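What follows is a short report on a single structure.
Read-outs: derived from the displayed coordinates by stated rules, not from any lab. Computed from a predicted structure; not experimentally measured. Positions of Cβ are generated from backbone atoms using ideal geometry, with glycine treated the same way; all protein chains shown enter the neighbour counts.
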Amino acid sequence: MAVRKIVHIDMDAFYASVEQRDDPQLRGKPVIVACRGNRSVVCAASYEARRFGVRSAMPAVRAERLCPDAVFVPPDFTRYRTVSRLAREIFKRHTDLVEPLSLDEAYLDVTEDKTGLPTATRVARAIREQIRQELNLTASAGVAPNKFLAKIASDWQKPDGLFVIRPTEVDPFLLPLPVGRLPGVGKVIGERLENLRIKTVKNLRGLDLPTLESHFGRYGLRLYELSRGIDNSQVVPDRPTKSISVEDTFDRDVPLSETEPMIRRLAERVWSASRKESRIARTVILKLKTSEFNVLTRSHTPGSPPSSCEELTTIALTLRERVELSAEQRFRLVGIGLSNFREPEGTQTQPALFE
């Protein structure tokens, strides 16, 4: 089987970089793309702001506390979409196999490059230079034999970096990594691995498949493969998002009247995630799980899509009022979702890559 050539492109602080590009007075300053206010969340932060600990999806009030001198700029998604289409045109010069991961990053399969460049490294260099020359922006790139390694590589020398993992270099690069760098290993899985005294990928590779499956079920196979640098997933172009949702379980079962703070926090997370999509969601979904593990869902499709986090939150709280259960009923989980994604009015059907 021929070795694949996968490139992962990650635009550097995309929204903030566009703002700094278009307004010279913002260059070199800590820029936070967000509206001010108690309910606003950070859409993006320049690298100058990130030095103070500011991150995307962080409440804007916290970001302002961390970086009091930051310049707040309200997001302009129409302008970001315009830049995104130009970036996508650059990618398509090299390959038709472009898969958005989110709207500021994408996988490219350049095993067969349309321009005839001999290596994936040359392709990545060419794309980064074209982005620099034509869009006056920077992007980081990772080159590897598969998707998960390419994504790790693109983060290795950010911002404005290029890192290559050749097939012969997979083990020397992968084995010393903390297991938390593997996709899917979050807080819960990480703690379970820690209990097994697994801290590095090398430690993880020491566990056989039956052991991993006994502890992690079906995800055990994925861990087994990742620890060996195996990822056979294909680059699938233009895979549309069907829904975005987040949910959380309460520390204790609570009555419906006490769910508002959690609904507000989850709505902020969903809204932040939705801003990375070129298409617009029309339907808001509220999910509740009772203390008896019964699942309730309520949904609403307004006449026009939610245009702000505040509007999304208001709809979600209104959906809560449609739950007709006794005041004594307790709930253990709440979730917020967006679905029914459509192209924005007045745009072409081809999805943009970056928003």
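Test of understanding: ordering Asp69, Asp109, Asp231 by Cβ neighbours within 10 Å, fewest first, what list do you get?
The most exposed by this proxy come first: Asp69, Asp231, Asp109.
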- Query: Once the dipole of the chain is set up with Lys and Arg at +1 and Asp and Glu at -1 on Cβ about the Cα centre, which of Phe250, Ala281, Phe91 lies farthest towards its positive end?
  - Reply: Phe91
- Give the cross-link partners of Lys5 among the lysines, using a straight C-alpha distance below 22 Å as the criterion and excluding same-chain residues fewer than 8 apart. Lys92, Lys114, Lys147, Lys151, Lys158
- Any chance you could check the Cα centroid distance between the range 12-36 and the range 256-271 for me, in angstrom? 29
- Message: What whole-number distance in Å separates the alpha-carbon centres of the range 155-185 and the range 313-338?
- Response: 42
- Which value, in debye to the nearest 20, describes the size of the charge dipole of the chain about its Cα centre when Lys and Arg Cβ atoms bear +1, Asp and Glu Cβ atoms bear -1, and nothing else is charged? 440
- Task: Mind ranking 143-149, 320-326 by how tightly packed they are, going by the mean number of other C-beta atoms within 10 angstrom, highest first?
- Result: 143-149, 320-326
- Expressed in angstrom and ordered largest first, the alpha-carbon extents of the range 61-170 along the principal axes are 47, 31, 22
- Note on the structure: With a Förster distance of 45 angstrom and the Cβ-Cβ distance between Val323 and Leu177, calculated FRET efficiency to the nearest 0.05 equals 0.50
- Item | FRET efficiency, 1/(1 + (r/R0)^6) with R0 22 Å, evaluated for Asp76 and Gln133 via beta carbons | 0.40
- Item | Point-to-point label distance, Arg332-Lys114, nm (Cα→Cβ direction, 7 Å offset) | 5.2
- Query: Cα-Cα pairs above 20 Å in the range 243-342: how many percent?
  - Reply: 32
- Note on the structure: Listed with the fewest Cβ neighbours within 10 Å leading, Arg332, Arg36 appear as Arg36, Arg332
- Ranked on Cβ counts within 10 Å of their own Cβ, fewest leading, Cys43, Cys309 go Cys309, Cys43
